[in-house]
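Structure first, commentary second.
The values are calculated or read from the model by the stated rules, or taken from the named source; none is laboratory data. Being a predicted model, the structure only gives us computed values, none of them experimental. Glycine also receives a Cβ, built like all others from the backbone with ideal geometry; neighbour counts cover every protein chain displayed.
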Amino acid sequence: MVRTSDFDYSLPPELIAQTPLEHRDRSRLMVLERSNGSIAHHRFRDVIEYLHAGDVLVFNDSRVIPARLNGRKVDSGGKVEFLLLRRLEANLWEALAKPGRRVNIGTRVRLTNGSCEVEVLGEIIEVGAGGTRVVRFSDDTLLPKLGEVPLPPYIHTPLSDKERYQTVYSREEGSAAAPTAGLHFTPALLSDLEQKGVRCLFVTLHIGLDTFLPVHEEDPCKHIIHREYGIVSSDVATQLSQAKIEGRRVICVGTTSVRLLEHAARDCDSANLKQFGGWVDTFILPGHRFRMVDAMLTNFHLPRSTLLMLVTAFTGNDLIKRAYSEAISSRYRFYSFGDAMLIV
């Protein structure tokens, strides 16, 4: 039986990267080879040496929105913070609220910017699972003027350049957190990959609540993974199917791309992937049979997280434990602004 405690480890806090490196592609890269259990150490720019003409790289092009909003209750003036998770319909959003116990159905919150040139009212109309709230805003088209791009709770250093928490290819707005494996790529590296004959394809998965929540149940099967909206276009699905037919590698950049492709392929043969648009709720645990993914690029993940469980399912428990232990002893940088791992 898989247990959540199997995915626990101890990380010295100083290894949690607080700022991105000056150059995106100069982070460290650990390369794991599943066939022989070997571990090698490189710089991220060296990833091109492990990719071949005909390989397909799949990127998540979702862009982080200014999802952190601050306001005050209309009746008492008490401070309220919202973290937008997903848009349900026009002016209606699922969000996290803080302090949650004091933000109940009927609570009205006034959101303003510093100069009060823009004002939006939000009203709680539903209390959901996991501390979520459904909020109806008076005009959600104004929210980008009021919000801030949220950084993960383990990052305490302000980010001087907000674009460093976006991938260079981000374009579809909708995420509450960045697909961080893609933060290492530069336009020059993408160009070099294409010149080598590596096909770069783009899908969209808007990252939501589960990125921020650890698994509390000892049996991870009891954990409710929150849905995230994903899109695989018809053209991308066709190209991925053709790659599988021809025996070319499909390499996902980030666990979000992995989840989306595996969800889209769960009811079909990998050589017959269909266009997909909808909610993704696939929870990948050890024992999962991967249909689409042949290799992946990923960062180092939090203990007891669904992301570490996914990577373990792909890599194997013994190798991933050895890799994390070696990363700690070698002083790799962890989490969103940290170093990367290529698993082949």
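I want to confirm something. Restricting to the stretch 254-284 and keeping residues that are within 17 Å of the chain's Cα centre (by Cα) and assigned to a loop (DSSP other than H, G, I, E, B), which single residue is nearest to His52 (Cα to Cα)?
Gly254
For the stretch 217-235, which residues satisfy the criterion of being in a helix (DSSP H, G or I) and either aromatic (Phe, Trp, Tyr) or crowded, with 20+ Cβ neighbours inside 10 Å (or both)? Lay out the reasoning, then the answer.
So in the stretch 217-235, the residues in a helix (DSSP H, G or I) come out as 220-222, 234-235.
Within the stretch 217-235, Pro220 is the sole residue that qualifies.
Taking the stretch 241-253, which residues are assigned to a helix (DSSP H, G or I), out of contact with any Ser or Thr (no Cβ under 9 Å at 6 or more places or on another chain) and of a type outside the set (A, V, I, L, M, F, W, C)?
If the condition is that a residue be assigned to a helix (DSSP H, G or I), out of contact with any Ser or Thr (no Cβ under 9 Å at 6 or more places or on another chain) and of a type outside the set (A, V, I, L, M, F, W, C), then Gln242 is the only one that fits.
With a cut-off of at least 1 residues that are more than 22 Å from the chain's Cα centre (by Cα), name the strands (runs of 3 or more DSSP E) lying wholly within the stretch 98-193.
Hits in the stretch 98-193: 108-112, 119-127, 132-137.
Restricting to the stretch 184-243, what's the tally of residues that are touching a helix residue (DSSP H, G or I) at 6+ places or on another chain (Cβ under 9 Å) and of a type in the set (S, T, N, Q)?
Looking only at that region, the number is 5.
What residue, of Val103, Val135, is surrounded by 15 or more Cβ atoms within 10 Å (Cβ to Cβ) and at pLDDT 95 or above?
Numbers: Val103 fails: at pLDDT 95 or above.
After ruling out the rest, the residue left standing is Val135.
Working carefully through the options Ile245, Ile251, find the one that is more than 30 Å from Ser10 (Cβ to Cβ), over 14 Å from the mean Cα position of the chain (by Cα), surrounded by fewer than 20 Cβ atoms within 10 Å (Cβ to Cβ) and at pLDDT 95 or above. Full working, then the answer.
Details: Ile251 fails: surrounded by fewer than 20 Cβ atoms within 10 Å (Cβ to Cβ).
Selected residue: Ile245, the only one of Ile245, Ile251 that is more than 30 Å from Ser10 (Cβ to Cβ), over 14 Å from the mean Cα position of the chain (by Cα), surrounded by fewer than 20 Cβ atoms within 10 Å (Cβ to Cβ) and at pLDDT 95 or above.
List the residue pairs whose Cβ atoms are under 8 Å apart, where the first residue sits in the stretch 270-293 and is at positive phi and in contact (Cβ under 8 Å) with a residue 24 or more places away in the chain, the second is of a type outside the set (Gly, Ala, Ser) and not in a strand (DSSP E or B), and the two are 6 or more positions apart or on different chains.
From the stretch 270-293, the pairs are Gly287/Val2.
Would you mind listing the strands (runs of 3 or more DSSP E) fully within the stretch 16-84 where at least 1 residues are small (Gly, Ala, Ser) and closer than 28 Å to Ser170 by Cα?
On the way: elements: 28-33, 38-43, 56-60, 62-64, 68-73.
Qualifying strands (runs of 3 or more DSSP E): 62-64.
Out of all the residues in the stretch 194-216, which are hydrophobic (A, V, I, L, M, F, W, C), touching a strand residue (DSSP E or B) at 6+ places or on another chain (Cβ under 7 Å) and in a helix (DSSP H, G or I)?
Within the stretch 194-216, just Leu209 meets the criteria.
State which residue is modelled with the highest pLDDT when the search covers only the stretch 2-42 and only residues that are surrounded by fewer than 14 Cβ atoms within 10 Å (Cβ to Cβ) and among the acidic types (Asp, Glu).
Glu14
I need every pair where a residue in the stretch 36-49 that is farther than 17 Å from Arg199 by Cα has its Cβ under 9 Å from the Cβ of a residue that is part of a strand (DSSP E or B) and of a type in the set (Gly, Ala, Ser), sequence separation at least 6 or different chains.
Short answer, once both residue conditions are applied: Phe44/Ala340.
Could you figure out which of (1) modelled with pLDDT under 95; (2) over 22 Å from the mean Cα position of the chain (by Cα) isn't true of Leu92?
(1)
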